[in-house]
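Notes follow once the structure below has been shown.
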Amino acid sequence: FIATKRSFASSYGGPQARAALERSLRALGVDYVDLYMLHGPHADARVLADTWRSLEAARADGLVRSLGVSNFGLRELRALDAAGLTVPPAVVQNKHSIYRHGGSTDYAGDDLLAELRVARNASLVAYCTLNAWPGLARPLADARVRALAARL
């Protein structure tokens, strides 16, 4: 299973997004990826919609099996909906730490989780699950982390 994402704002927009995907495929030495994600929303809704349409076309061409987004909250997901796109994100990859739930550093609040599960049939993939930022906790010394590790 190969997943990758588009991270740079300069590679948003229809032609730029397709070219960036094709560069990733060449760099990985593959004909397609299983999951291709946008690293974050774009400030311009039209650019975001053009980017997503380009990725939908890449999916139709067999270059991508599933599409996803990262660092999107409900507002950004609904902006994609409003653009009338045909392929919804299958995955939303957001920061979700055992140390901080909600707030400006965590896009995986209860409202988003409920909508992903019920209305969108999408999966949440968490990143930085043991990252204490902006706190000072030390995950490797944390009793919760050690208890989880002991179960493995």
Applying 1/(1 + (r/R0)^6) with R0 = 41 Å to the Cβ-Cβ distance of Ala149 and Ala43, what FRET efficiency is obtained, to the nearest 0.05? 0.55
Segment Arg138-Ser10, extension gain: residue separation times 0.36 nm, minus the distance between their alpha carbons: 42.5 nm
Apply 1/(1 + (r/R0)^6) to the Cβ-Cβ distance of Tyr127 and Tyr32, taking R0 = 22 Å, and write down the FRET efficiency to the nearest 0.05. 0.45
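Throughout, read-outs are computed from the coordinates displayed, never taken from laboratory work. Small disclaimer: the values here were computed from a predicted structure and weren't measured. Here Cβ is always computed from backbone atoms with ideal geometry, including for glycine, and neighbour counts include all displayed protein chains.
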